[in-house]
Amino acid sequence: MATATETRKDLRTPIVCVMGHVDHGKTSLLDRIRGTAVVDKEAGAITQHIGATEVPLQTIQTLCKGMLGGNIVVPGLLFIDTPGHHAFTNLRSRGGALADLAVLVVDINEGFQPQTIEAIKILKQFKTPFVIAANKIDRLHGWTPKTNSPFLQSFNSQPDHVKTMMENKTYELVGRMSDLGFSSDRYDRIRDFTRNIGIIPISARTGEGIPDLLMILIGLAQRFLEESLKFQVTGPGVGTILEVKEERGLGYTIDTIIYDGEIRVGDTVVIGGREKPYATKVRALLKPKPNREIRVEERFDRVNKVSAAAGVKILAPELEKAMAGSQVRVTKEGNIEAMIKEIEQEMEQAKIVTDEVGVMVKADTLGSLEAIVNELREAKIPIGRADVGDISKRDIINAETVNDQMYRVMLGFNVAVLPDANDYLQTTDIKIFNSDVIYHLIDDFRKWETDQRALAEKKKFAEIIRPGKVKYLPNCTFRQSKPAVIGLQIMGGMLKPGVTLIKPDGSKIGVVKQIQERNENISIATVGKEVAVSVDGPTAGRQINEGEVYFVDVPEGHSKVLEYQLKDTIKQDELETLMEFLAIKRKDNPFWGR
C-alpha cells in the first residue's frame with residue numbers, strides 16, 4: 001500500500017491552470033509556492049506567456065505543514081500560469097484536456113471582474129474541476145498577518161470585526177457564483193467537492209492559506225484524476241510549444257509542456273512550423289530544477305527522457321522554423337508523413353478568420369496571437385491580417401493597401417520591428433503600436449483611434465460650409481457696391497468669408513469677402529454678433545435692402561453630411577438654421593440633399 005511519501009509511477013503529474021483577472025495575483029501566488037520572483041520579470045507585472053512550474057510532492061508536503069493525510073499517489077503538480085483565460089482555451093483546443101484542474105484567483109477586495117466571469121464560463125464549458133483562491137486577505141482592514149500559516153489558524157486569531165468582514169466578503173463571492181449557476185462555500189464547510197466549488201481565502205504576499213490551497217488541489221487530484229492520469233507517462237510524447245528562442249551556446253530551443261506520454265533524446269518529432277509542419281530529431285532535453293519556472297530559469301538538468309506532465313527545453317535542428325503555440329509529437333520514421341498531415345489539418349482549423357478590412361496584428365506566438373485576436377474581437381476592432389513573427393517591410397507594404405486611414409495600423413505584441421521595416425517606415429504614414437503587455441497595446445490603439453476620429457471630425461467640420469442666417473441691419477449701409485459693405489446680425493449658425501448668400505426665395509446675392517468686428521478682420525462670426533461684411537456682387541438699395549434676411553448657401557453634398565452625419569454634433573441654433581435652409585431648397589425639389 002502506498003504511503004504519504006510514495007507515488008505511483010504510472011500516473012502523470014496533474015496539470016493545474018492558474019487563471020484570473022489581470023493583477024489579481026496569479027503569478028504572485030506561484031512565487032509564494034515556488035519561492036521565486038517571476039512576477040518582477042514580467043512586463044508590467046502582467047503575465048504575457050504561458051509558463052510552467054513543476055512543484056514536486058515533497059515541496060507540497062513541506063508547505064502543507066502536516067495537513068496532508070492518507071495515501072498520496074500523485075508525483076506533484078505542474079502549474080501553468082496564463083496571461084488570462086484565452087490561453088487556457090487555446091491550449092485546450094490544440095492539446096485536448098491540457099489542464100486537469102484550475103485555480104481561479106480572485107482579489108477578495110475587488111470581487112469578480114469581467115475576466116473572472118469569462119474564466120468561470122470557460123471552466124464550466126470544459127467541465128474542468130476548479131477552486132477559487134480568494135487572494136489579498138492581508139489587505140482587509142485590521143487583518144493581522146501570520147506568515148505562511150493555514151487559513152483557519154490565521155482566521156481564528158483575528159478580531160471579531162475582521163472575521164465578520166471576511167465572512168461578508170466570502171459570501172459576496174458565494175452569491176456571484178450562485179448567479180453563474182454554481183454552488184460554492186468556504187472550503188472548510190464543504191463535504192462534497194464534486195457538487196460544490198471550494199473558496200480558499202489566501203494571501204500570496206504573506207503565504208496565509210497557501211497550505212490549504214495545496215491540500216485541496218492534491219485532494220482533488222487524488223479523488224477525481226487518478227483514473228484519467230493512469231498510463232499517460234509512457235508512449236509517444238505530445239506537447240505544446242510555449243516559446244521559440246535563440247540562446248547563447250544552445251542555438252534555437254523550444255520551451256514545451258509535455259502533457260502526454262514521454263519524449264527521449266534521439267526521438268523523431270514532428271513540429272508545427274511557421275510555414276508547415278516538419279520533422280526533426282531531439283538532440284538534448286533540458287529540464288528546470290523543481291520549483292523553478294521554465295521561462296526564466298537559467299540552470300537546467302540535462303536529462304535523457306521526460307514524462308508527462310512536465311515543462312522541458314528541447315534542443316533539435318531547424319527549431320528556428322517552429323511556431324510557438326503549435327504541437328510537438330513524437331513519431332516513428334515510417335509515420336512522419338501521416339503525422340505531418342494530421343498536424344497540418346489541426347493548424348488549418350486553428351487559423352484565425354480575418355475581416356475584409358481591419359488592423360494588422362503580429363505576435364511572437366500562436367497563443368499570444370489568439371489571445372490578442374480574442375481581445376480585439378471583444379473590443380469590436382476588425383482584423384485585416386493576423387500572423388506570427390516580427391514586423392517586416394512586407395507587412396508594412398501590405399498595411400499600405402488598406403484605404404481606411406483608421407486601419408492603416410499594425411499592432412505588434414512582443415515582436416521586433418526589423419531594420420528594413422524601420423527604414424521603410426520613414427516613407428509611409430503607417431502607424432505601429434508595439435508592446436509586451438496585451439492590455440496596454442489595445443488601450444494605446446483605442447486612445448489613438450479616438451484621437452484620430454476627433455481630428456477627422458474636426459477636419460471634416462472645418463472643410464464643410466456650415467449653415468448661417470443673417471439680417472441686414474437698418475442704417476448699416478457703409479458702401480453700396482464693388483463690394484457692398486453692410487452691417488449684418490448673425491441670427492443663427494455662423495458666417496465665414498468665402499460663402500455665398502441667398503435670399504429666402506433661393507435667389508443668389510453674392511460672395512462674402514471680408515468680415516470685420518470693431519474694425520478688425522475676423523475669420524468667423526457666430527450667432528448674436530453684429531459685424532460689417534463686404535459682399536461681392538450686389539448693390540445695396542437695389543438687389544439687397546436693409547431689414548432683409550439672408551442664408552448661407554450650403555452645397556448639396558455638405559448639407560447631406562450635416563443632416564445625416566453631423567446632426568447630433570451641431571448646436572441647436574445651427575440645426576434650426578439648417579432646417580430653414582433645407583426647406584428653401586426643397587420647396588421646388590423635395591429630394592434636394594437627400
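The values are calculated or read from the model by the stated rules, or taken from the named source; none is laboratory data. Given the structure is predicted, the values throughout are model-derived calculations rather than measurements. When we count neighbours, we look across all protein chains shown, and the Cβ atoms used for this are built from the backbone with ideal geometry, even at glycine.
Values computed for the structure shown
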item: Considering residues of segment 344-369 that are charged (D, E, K, R) and modelled with pLDDT of 75 or more only, the residue farthest from Arg329 (Cα to Cα); result: Glu356
item: Complete set of residues in segment 395-414 that are more than 16 Å from Ile383 (Cβ to Cβ) and of a type in the set (A, V, I, L, M); result: Ile396, Ile397
item: Which listed residue is over 30 Å from Ala363 (Cα atoms), in contact with a Leu (Cβ under 9 Å, 6 or more places away or on another chain) and of a type in the set (A, V, I, L, M), from Val265, Val174; result: Val265
item: Boolean, Ala87 is part of a strand (DSSP E or B) and either in the same structural domain as Gly175 (by TED's automatic domain parsing) or modelled with pLDDT of 90 or more (or both); result: no
item: Any hit, segment 482-503, residues being touching an Asp or Glu at 6+ places or on another chain (Cβ under 6 Å), closer than 15 Å to Pro555 by Cα, in contact (Cβ under 8 Å) with a residue 60 or more places away in the chain and in the same structural domain as Asn545 (by TED's automatic domain parsing); result: yes
item: Some residue of segment 412-431 being in a strand (DSSP E or B) and within 16 Å of the chain's Cα centre (by Cα); result: yes
item: Selected residue (only one of Thr569, Thr539, Thr577 is assigned by TED's automatic domain parsing to the domain that holds Ile490, in contact with a helix residue (DSSP H, G or I) (Cβ under 9 Å, 6 or more places away or on another chain) and in contact (Cβ under 8 Å) with a residue 40 or more places away in the chain); result: Thr569
item: Top-ranked residue of segment 235-263 - restricted to ones that are under 21 Å from Ala338 (Cα atoms) and charged (D, E, K, R), ranked as farthest from the chain's Cα centre (by Cα); result: Glu262
item: Pick from segment 369-399, criterion of a type in the set (S, T, N, Q) and out of contact with any His (no Cβ under 7 Å at 6 or more places or on another chain), ranking: farthest from Gln327 (Cα to Cα); result: Asn398
item: Count - residues of segment 328-348 that are under 22 Å from Glu243 (Cβ atoms) and of a type in the set (Lys, Arg); result: 1
item: Which listed residue is crowded, with 17+ Cβ neighbours inside 10 Å, within 28 Å of Arg223 (Cα to Cα) and modelled with pLDDT under 90, from Thr170, Thr116; result: Thr116
item: Residue satisfying all of: in segment 308-325; farther than 18 Å from Ile15 by Cα and in contact with a helix residue (DSSP H, G or I) (Cβ under 9 Å, 6 or more places away or on another chain); modelled with the highest pLDDT among these; result: Met323
item: Any hit, segment 177-188, residues being of a type in the set (Gly, Ala, Ser), out of contact with any His (no Cβ under 9 Å at 6 or more places or on another chain), on the phi > 0 side of the Ramachandran plot and in contact (Cβ under 8 Å) with a residue 24 or more places away in the chain; result: yes
item: In segment 149-167, residue surrounded by the fewest Cβ atoms within 10 Å (Cβ to Cβ) [restricted to those that are touching a helix residue (DSSP H, G or I) at 6+ places or on another chain (Cβ under 7 Å) and under 21 Å from Gly219 (Cβ atoms)]; result: Leu152
item: Single residue of segment 57-70 satisfying the filter (at pLDDT 80 or above and part of a loop (DSSP other than H, G, I, E, B)) that is farthest from Thr206 (Cα to Cα); result: Leu68
item: Candidate set from segment 125-144 (those that are farther than 15 Å from Phe193 by Cα and among the basic types (Lys, Arg)); member that is surrounded by the fewest Cβ atoms within 10 Å (Cβ to Cβ); result: Arg139
item: Test: residue in segment 254-273 that is buried (at least 20 other Cβ atoms within 10 Å of the Cβ), of a type in the set (A, V, I, L, M, F, W, C), over 25 Å from Phe79 (Cβ atoms) and touching a residue at least 60 places away in the same chain (Cβ under 8 Å); result: yes
item: Selection status of Lys458, out of contact with any Cys (no Cβ under 6 Å at 6 or more places or on another chain) and modelled with pLDDT under 95; result: yes
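Residue-by-condition table, conditions (1) touching a Ser or Thr at 6+ places or on another chain (Cβ under 9 Å); (2) in contact (Cβ under 8 Å) with a residue 24 or more places away in the chain; (3) outside the structural domain of Glu342 (by TED's automatic domain parsing); (4) assigned to a helix (DSSP H, G or I):
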{"site": "Thr116", "(1), (2), (3), (4)": "no, yes, yes, yes"}
{"site": "His141", "(1), (2), (3), (4)": "no, yes, yes, no"}
{"site": "Lys146", "(1), (2), (3), (4)": "yes, yes, yes, no"}
{"site": "Met166", "(1), (2), (3), (4)": "no, yes, yes, yes"}
{"site": "Asp192", "(1), (2), (3), (4)": "no, no, yes, no"}
{"site": "Arg195", "(1), (2), (3), (4)": "yes, no, yes, no"}
